[in-house]
1. Which whole-number value in Å² is the accessible area per residue of the range 1-80, probe 1.4 Å?
2. Evaluate the distance, in nm, between pseudo-label points positioned 7 Å from the Cα of GLU7 and of THR49 along their respective Cα→Cβ axes.
3. Expressed as a whole percent, how much of the Cα-Cα distance distribution for the chain exceeds 18 Å?
4. What longest region of the chain stays clear of trypsin sites (Lys or Arg not before Pro) that DSSP places outside H, G, I, E and B and that have at most 12 other Cβ atoms within 10 Å?
5. Starting from the range 33-83, pick out the GluC sites (Glu not before Pro) whose DSSP state is loop and whose Cβ has at most 13 other Cβ atoms within 10 Å.
6. Given a Förster distance of 41 angstrom, what is the FRET efficiency for VAL18 paired with ASP64, based on the Cβ-Cβ distance and rounded to 0.05?
7. Per residue of the range 19-35, in order, report the coupling 6.51 cos²θ - 1.76 cosθ + 1.60 (Karplus, θ = phi - 60°) as ³J(HN,Hα) in whole Hz, putting x for Gly and Pro.
8. With all protein chains present, how much of the accessible area of the chain (probe radius 1.4 Å) comes from carbon and sulfur, to the nearest whole percent?
Amino acid sequence: MSSLNDEMADVQAEIDRVRDHLRTEVPNLFAFDVTVSRIEYNANNNSVTLTVEPSSEARKQISDEFGGVRVRMDDQLTFDFQFTSDA
């Protein structure tokens with residue numbers, strides 16, 4: 001039988017794995033460069049919230065895509081992923 005410390009370590013390892021996965025995969029969802037800047041786990045809701053911000057290259061990439069139009073970016077995107085259980 002594992003101790004509470006062992007179980008907490010397992011949970012933290014899983015959260016770290018999810019964070020790494022999100023930092024790797026989420027930028028692939030966009031046609032321009034973005035940075036995943038904040039990832040927070042909410043134990044009460046069993047969810048992860050992350051913030052995505054355009055990288056310094058994103059404005060140029062979007063401008064080039066639309067034929068040289070001027071692009072202004074002032075904000076960020078926030079995503080909330082709710083975990084589900086197979087049990």
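1. On the way: 6060 Å² over 80 residues.
About 76 Å² of surface per residue is accessible.
2. Inter-label distance under the simple model: 2.7 nm.
3. On the way: 2073 of 3741 pairs.
Taking all Cα-Cα pairs of the chain, the fraction more than 18 Å apart is 55 percent.
4. Values: sites that count: ARG70, ARG72.
Result for the longest clean stretch: 1-69.
5. GLU57
6. Details: r = 33 Å, r/R0 = 0.81.
The pair VAL18/ASP64 has a calculated efficiency of 0.75.
7. 4, 4, 4, 5, 4, 7, 8, 4, x, 5, 7, 10, 8, 9, 6, 10, 10
8. Working: 3300 of 6830 Å².
Carbon and sulfur together cover 48 percent of it.
The values are calculated or read from the model by the stated rules, or taken from the named source; none is laboratory data. From a predicted model like this one, the values you see are computed outputs, not experimental measurements. FYI the Cβ positions are ideal-geometry reconstructions off the backbone, even for glycines, and counts take in every protein chain you see. These area figures cover heavy atoms from the full protein model, side chains too; ligands, DNA and RNA do not enter into them. Shrake-Rupley method; radii C 1.70, N 1.55, O 1.52, S 1.80 Å.
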